Amino acid sequence: MKHLRPALVLTAFFIVLTGLAFPGVIWAIGQTVFPSQANGSLVRDTQGNVVGSALIGQSFSKPEYFHPRPSAAGVGYDAANSSGTNLGPTSDKLVNGIDDDPVTADVDETYLGFQDLAKAYREENGLPEDAVIPADAATRSGSGLDPDISVENAELQVARVAKARSVSEDRVRQLVHRHEQGRLAGVLGEPRVNVLYLNLAMDQMK
């Protein structure tokens, strides 16, 4: 007991300190100072239903919505499989992609490369084949969960969204710039638009 008792006391002490007290203090600080972020930065619609998170992107494919940048997380924006492609800038797969091998019918090996993604982006937005597009229109983010797109990306989608909703391009463009977020601290990053917030605003537009 001479050696066992101190060991048990220290074990119990550190269980309480690191397993209960410290997490409890951090939780209390988070709920007090950053309640929204601590609870997942959840976004709700006008009925109060949770429709997503401001920090995690999600797929939108209908023409009346702004589309996010491509994702390599699982089948796309899977928070349980957050990752990039891990392909280098000289990778042929990254640029040209690969086609599915019909021999392996049970596994879809298709991988869309930059050229494929850029072509699809130009076609869905009615752009010329040689139109210059922003990088985030045809490249995947490092996390695969990026909730934002560049303002330039959103601008190129305005015509498609306006046509699908039968509204003027000016109204849609005004909504884009109303949801534009500037550089962090005025110097870091580039101006951007949160896709989920923008699409919710589109649905609420009179």
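Bear in mind these aren't lab numbers, they're just calculated from the coordinates by the rules spelled out. Just so we're clear, the structure is a prediction, and the values are computed from it rather than from any experiment. Every residue, glycine among them, receives a Cβ derived from its backbone with ideal geometry; neighbour counts consider all protein chains shown.
Could you please give the count of residues in the stretch 22-72 that are assigned to a loop (DSSP other than H, G, I, E, B), polar (S, T, N, Q) and free of Cβ contacts under 8 Å to residues at least 40 places away in the same chain?
6
Counting only residues that are charged (D, E, K, R) and under 22 Å from Arg44 (Cβ atoms), which one in the stretch 181-206 is surrounded by the fewest Cβ atoms within 10 Å (Cβ to Cβ)?
Lys206
So which of Ser53, Ser59 is surrounded by 10 or more Cβ atoms within 10 Å (Cβ to Cβ) and within 26 Å of Ala159 (Cα to Cα)?
Ser59
Restricting to the stretch 149-168, count the residues that are free of Cβ contacts under 8 Å to residues at least 60 places away in the same chain and surrounded by 14 or more Cβ atoms within 10 Å (Cβ to Cβ).
Residues that pass the stated criteria total 9.
Among the residues that make up the stretch 103-111, is at least one of them under 25 Å from the mean Cα position of the chain (by Cα), closer than 30 Å to Ala201 by Cα and part of a loop (DSSP other than H, G, I, E, B)?
Checked the stretch 103-111: no residue is under 25 Å from the mean Cα position of the chain (by Cα), closer than 30 Å to Ala201 by Cα and part of a loop (DSSP other than H, G, I, E, B).
Can you tell me which residues in the stretch 62-74 are of a type in the set (Lys, Arg) and surrounded by fewer than 23 Cβ atoms within 10 Å (Cβ to Cβ)?
Within the stretch 62-74, just Lys62 meets the criteria.
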